[in-house]
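See below for the structure under consideration.
A short reminder: the numbers here are calculations on the coordinates, not readings from a lab. No experiment lies behind these values; they were computed from the predicted model shown. Neighbour counts run over all protein chains shown; Cβ positions are idealised from the backbone, glycine included.
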Amino acid sequence: MTRSLTFTLAALVLAAGAGAASAQTKPLTSEQARQQIAPFYEMLNQPATKDLKALAEQTLSPDWKSYSADGEFKGREAFVGQVGGFGKLIPDLRWDIRDVLVDGNRIIVRSEASGTPVGPLFGVQPTGKSFRIMAIDIHTIKDGKAVTAYHVEDWAGAIRQLTAK
């Protein structure tokens, strides 16, 4: 996917109503946005080695919601549990930020996740193969903390890579 297409997709998702939280008084700069959201991605890098609860409390509001579809979300505690499970399943999990865009109080991140599962991932038995996939996240910030995240990851691509002959 080209860079301009990625940004166009992010803009379309944003325009479709990716979050309804109230705006901050001052828009974030790109550097402020990177610093604001860095602890979130730090949670996703080798999560089994981290204090996920502390990182979540640093960057996510207590009532934070992670949306994977309209109306389907996880709260902060459930998300921390899920990330911890991924950390055990994929000990070398990396989630690298590739691009950050800012629109008012929203931070749009294109990232790349990679790792080598040591247990079944979405029903696929471990074979020593690794995956590398793209993700798009739209974080809404209020009072210095993320209040929502809308996200899409290419887990189907991970399965194709892990099952390729």
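Can you go through 86, 79 and tell me which one is among the aromatic types (Phe, Trp, Tyr), under 29 Å from residue 26 (Cα atoms) and assigned to a helix (DSSP H, G or I)?
Exactly one of 86, 79 is among the aromatic types (Phe, Trp, Tyr), under 29 Å from residue 26 (Cα atoms) and assigned to a helix (DSSP H, G or I), namely 79.
Yes/no per residue for (1) within 13 Å of the chain's Cα centre (by Cα); (2) closer than 30 Å to residue 129 by Cβ:
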position: 53; (1), (2): no, no
position: 71; (1), (2): no, no
position: 79; (1), (2): yes, yes
position: 84; (1), (2): no, yes
position: 91; (1), (2): no, yes
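Return only the number of the condition from (1) in a loop (DSSP other than H, G, I, E, B); (2) crowded, with 16+ Cβ neighbours inside 10 Å; (3) of a type in the set (Asp, Glu) that residue 92 does not satisfy.
Evaluating residue 92 over (1) in a loop (DSSP other than H, G, I, E, B); (2) crowded, with 16+ Cβ neighbours inside 10 Å; (3) of a type in the set (Asp, Glu) leaves (2) as the failure.
Please list, ordered by first then second residue, the pairs with beta carbon atoms under 8 Å, 6 or more apart or interchain, first in the range 27-49 and more than 17 Å from residue 110 (Cα to Cα), second part of a helix (DSSP H, G or I) and among the β-branched types (Val, Ile, Thr).
Cβ pairs passing all conditions: 47/83.
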